[in-house]
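As structure tokens, the structure follows; a few thoughts come after it.
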Amino acid sequence: MQPHEQWDSSYASPGFPGGGSNSIPCTKPMIDNRGINHLERNHRDFPQWVQQVTEQLVENQPETGLSESLQTSAENNIVPALLGELRPAKSARRNPIEGSGQQHQWFAELGDQITNFSNDAKGGGSMAKGSDDQSLNLMTLLLECAVAISVDNIAEAHRMLLELTQMATPYGPSCAERVVAYFAKAMASRVVNSWLGMCSPLISYKSIHGAFQVFNNIAPFVKFAHFTSNQSILEAFHRRDGVHIIDLDIMQGLQWPALFHILATRMEGPPHVRMTGMGTSMELLIETGKQLSNFAKRLGMSFEFHPIARKFGDVDVSMFQIRRGEAVAVHWLQHSLYDATGPDWKTMRLLQQLSPRVITLVEQEIAHAGSFLDRFVGSLHYYSTLFDSLGAYLQSDDPSRHRIEHGLLYREINNILAIGGPARSGEDKFRHWRSELPKNGFMQMPMSTNSMAQAQLILNMFPPSHGYSLVQGDGTLRIGWKDASLYSVSAWTSPASR
């Protein structure tokens, strides 16, 4: 694969009728709609089922707390009741826990929750037509394995992982099977790491960037993040002659041609644009800079690009060479593919030193903090929803679907479960940055009506039957699938901004 795939030229074409200089142009998604209704019907129940099970796992835990209860069981050499209670009676392998009645009741209720939902699903939906028992067995075995790992019962976890790898494949017809296959692979990596010590996988950034572009082309989530952020930056740059954009992980720079186009055509004339692109590969950063420079030149816009092949939190503020009078925008599209910024406390300190006019923050609606079991529960619900959204309109053998699931989503799952966590990284992570920014002196900027209108237009490019949702609240725009929020965009400013 080349370092950069061809940009879609429609990024530079106005996409909103009557938008003028107040809105960001966008492009139509590349989606084949054949068979969408059939696929959607066959994936109707999966994310709701996962949500109910994981909520039961967290909300109805014993009063002593889930981690404490499970650790007590481990210290007493008792395998948690999930290793048997959750599974159908015909395949249970372990006796129920002989610990406290409260713990036993909680595990039993969780098993009932799974069984009852499976029985309810037999009237229709994806888990009811010949695959409900298999999906149930796969998901409950995965939950059992997560509990075993959480109490350091590595031998039992290893045995269950061997079974899971024989039962589930990432090429399977159901979302449940594909999710279980990737989660099992990530958990196997964690088990290996537990035996051998910390192990960081090699990362092919070219492969990740290519899969990211495919994701951008077939789903609205990345486009939503790009254009909503661009609108906030555009408004913050109003009537400013010198602007400086700092992208904390620029990748291929796919979002910036649309902003350049509108800046180049604004009534007061184009500003001088400086861009600092951060990333892990200087080679890829230089290539991105060439692409953006050529695009700006075609627009007749004055442009400078400065690559920094380091993590944002690991650099000194002087490296950004902030000039007097220029408006600074920091853009951060968060992901779980790898650590793009370094320790959170260092990142926060540098943001305070920069005092940007606007920070555009794109967050995944998933917490990276907490124990292994906390991260497992949150990520299982989150990625089950994402897999379901892809399975609603892409066939199981679609190469684009596999490229996204394997090249992006699995990498994120593996990073969260096998690599992440304070016990392994040595650093505590903020649960949500939009909760931490106001604690550190930043003020939230409300989303304009243009931002909401453009986000809705992006969703309208995808058939409404897909189930995408858009919610505005607390100054934040959120996009989701059905009733689950997946990505949010918020904008912030520093009181000391220039």
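The values are calculated or read from the model by the stated rules, or taken from the named source; none is laboratory data. Here the structure is a predicted model, which means the values were calculated and not measured. No Cβ is skipped: glycine too gets one built from the backbone with ideal geometry, and neighbour counts run over all protein chains shown. For the accessible areas, the whole protein counts, side chains as well, though only heavy atoms, and no ligand, DNA or RNA atoms are used. Shrake-Rupley method; radii C 1.70, N 1.55, O 1.52, S 1.80 Å.
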**Asked** What is the residue count in segment 308-332 for residues that are under 22 Å from PHE237 (Cα atoms) and in contact with a Leu (Cβ under 8 Å, 6 or more places away or on another chain)?
**Response** 7
**Request:** Please work out if GLU156 is at pLDDT 90 or above, closer than 28 Å to ARG403 by Cα and open to solvent by 10 Å² or more (accessible area, probe 1.4 Å).
**Result:** no
**Item:** Selection status of GLY242, farther than 20 Å from LEU351 by Cβ and open to solvent by less than 10 Å² (accessible area, probe 1.4 Å)
**Value:** no
**Prompt:** Residues of segment 159-180 being over 11 Å from GLN134 (Cα atoms), polar (S, T, N, Q) and not in a helix (DSSP H, G or I), which ones?
**Reply:** THR169
**Prompt:** Considering only residues of segment 344-387 that are under 22 Å from GLY475 (Cβ atoms) and acidic (Asp, Glu), which is modelled with the highest pLDDT?
**Reply:** GLU363
**Message:** Looking at ARG298, ARG266, ARG274 in this structure, which one is at pLDDT below 95 and not β-branched (Val, Ile, Thr)?
**Reply:** ARG266
**Asked** Name the strands (runs of 3 or more DSSP E) wholly within segment 434-482 that hold at least 2 residues that are open to solvent by less than 30 Å² (accessible area, probe 1.4 Å) and within 21 Å of GLU235 (Cα to Cα)?
**Response** 476-481
**Prompt:** In segment 376-403, which residues are open to solvent by 10 Å² or more (accessible area, probe 1.4 Å) and either over 18 Å from the mean Cα position of the chain (by Cα) or more than 30 Å from THR493 (Cα to Cα) (or both)?
**Reply:** VAL377, HIS381, LEU394, GLN395, SER396, ASP397, ASP398, PRO399, SER400, HIS402, ARG403
**Asked** What number goes with the only condition from (1) open to solvent by less than 50 Å² (accessible area, probe 1.4 Å); (2) farther than 14 Å from LEU417 by Cα that VAL180 does not pass?
**Response** (2)
**Request:** Report, by residue number, each residue of segment 319-366 that is of a type in the set (S, T, N, Q), open to solvent by less than 10 Å² (accessible area, probe 1.4 Å), in contact with a Gly (Cβ under 7 Å, 6 or more places away or on another chain) and over 24 Å from SER207 (Cβ atoms).
**Result:** THR347
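Let's see how each residue does on (1) touching a residue at least 24 places away in the same chain (Cβ under 8 Å); (2) in contact with a helix residue (DSSP H, G or I) (Cβ under 8 Å, 6 or more places away or on another chain); (3) not hydrophobic (A, V, I, L, M, F, W, C):
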residue	(1), (2), (3)
ASP241	yes, no, yes
HIS244	yes, yes, yes
GLY253	yes, yes, yes
ARG274	yes, no, yes
MET278	yes, yes, no
**Request:** State whether one or more residues within segment 189-196 are open to solvent by less than 10 Å² (accessible area, probe 1.4 Å) and under 25 Å from LEU470 (Cβ atoms).
**Result:** no
